[in-house]
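Please read the structure below before turning to the comments.
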Amino acid sequence: ENSYDYSNRTNFYKISLNDKEVYKYCAESKKNYNLNLDNLRKDCLKKGKFKDRIFFIIGNSHTVNYIPVIDSIKMKEGDSIYFEHKSWRFDLYDGLSEQILNTSLIKRINELSKSYKEVFFVTNIEPYNIGFIEEVNSVLEKNIKIIILSTIPNTDKNLNSLECYIKRKDCKYLKSKDYQDRNLASYYENIQAIISSNDKKRILLFDSYNVICPNEICYSYNHDEDLLTHVNDSHLTIEGSLSIKDDFLNFYKEKLIYENTK
């Protein structure tokens, strides 16, 4: 702990928005919380100076992967960030989206357009929930834009990145194996087809995959750089999330600000 700052670098539950730990304040299991006039939990809102834009983020731990980088960038003073943790529940009938997107939530999101000039619905999409995009697209008001946060590189399940970090040795994984195991070529094709079938400003994709894993051989812990990107096979460390900061900032400026003010 003293030598490696282990807890701060490896504890996924330390991920925070506006200095509030999201699993403590924004989990769906939390029963007691204060709402503002827009029915948003006050402790889960990083409030802008004005009500120009709000990024309404929901999702499970794979969406939480992105909270550190979203929280870290300097946004325009009229922009707000909001997050609620929601869990996907798997069943034999693939009724996944029904567990997250209920009538009450749809109404809350749509009504934000009365308070904010622009509303962005933000969530992670994985191969297992790709149908969620179409459902969101069909129930949200057309003036609400949708931001897809891509899947991150998944390491081999038997690769213990934290052990590599402790032992100060490289942990490596192959991009091609992840693509094959999760059929990611089809995943990206499906997302692009959905985007192409809609207004180009309606659905936007932020793809972090090649930023985190730019080459065929990638590292979940790089000893020479002392960079630990993964807590386990499908979750990032805080520093792993922050490693895509420059790319997300460019996405924010070019796709969300510049293009939407044309």
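The values are calculated or read from the model by the stated rules, or taken from the named source; none is laboratory data. Since we're looking at a predicted model, the values are computed, not measured. Note that each Cβ is placed from the backbone with ideal geometry, even for glycine, and that neighbours are counted across all protein chains shown. Accessible surface is based on the protein model in full, side chains and every heavy atom, while ligands, DNA and RNA are left aside. Shrake-Rupley method; radii C 1.70, N 1.55, O 1.52, S 1.80 Å.
Could you grab the pairs with beta carbons closer than 9 Å, sequence gap of 6+ or different chains, first residue in the stretch 116-132 and on the phi < 0 side of the Ramachandran plot and acidic (Asp, Glu), second one crowded, with 20+ Cβ neighbours inside 10 Å and modelled with pLDDT under 95?
Cβ pairs passing all conditions: GLU118/LEU256.
Pairs only if they're at least six apart or on different chains, beta carbon under 6 angstrom, first in the stretch 11-26 and within 9 Å of VAL64 (Cβ to Cβ) and among the hydroxyl-bearing types (Ser, Thr, Tyr), second part of a helix (DSSP H, G or I) and at pLDDT below 95; list them, first residue then second.
none
Pull up the stretch 213-228, narrow it to residues that are of a type in the set (A, V, I, L, M) and surrounded by fewer than 21 Cβ atoms within 10 Å (Cβ to Cβ), then point me to the one that is farthest from the chain's Cα centre (by Cα).
Within the stretch 213-228, the first condition is being of a type in the set (A, V, I, L, M), and the residues that meet it are 217, 227-228.
Filter once more, so that each one left must be surrounded by fewer than 21 Cβ atoms within 10 Å (Cβ to Cβ): 217, 227.
On the way: ILE217: 24, LEU227: 20 Å.
Among them, the one singled out is ILE217.
Taking only the stretch 78-90 into account, find how many residues are modelled with pLDDT under 95 and in contact with a Gly (Cβ under 7 Å, 6 or more places away or on another chain).
1
Of the residues in the stretch 210-244, how many are under 14 Å from ILE152 (Cβ atoms) and of a type in the set (Phe, Trp, Tyr)?
Qualifying residue count for the region: 1.
Give the residue that is most open to solvent (accessible area, probe 1.4 Å), with candidates limited to residues of the stretch 153-183 that are hydroxyl-bearing (Ser, Thr, Tyr), in contact (Cβ under 8 Å) with a residue 12 or more places away in the chain and under 24 Å from PHE206 (Cβ atoms).
Among them, the one singled out is SER176.
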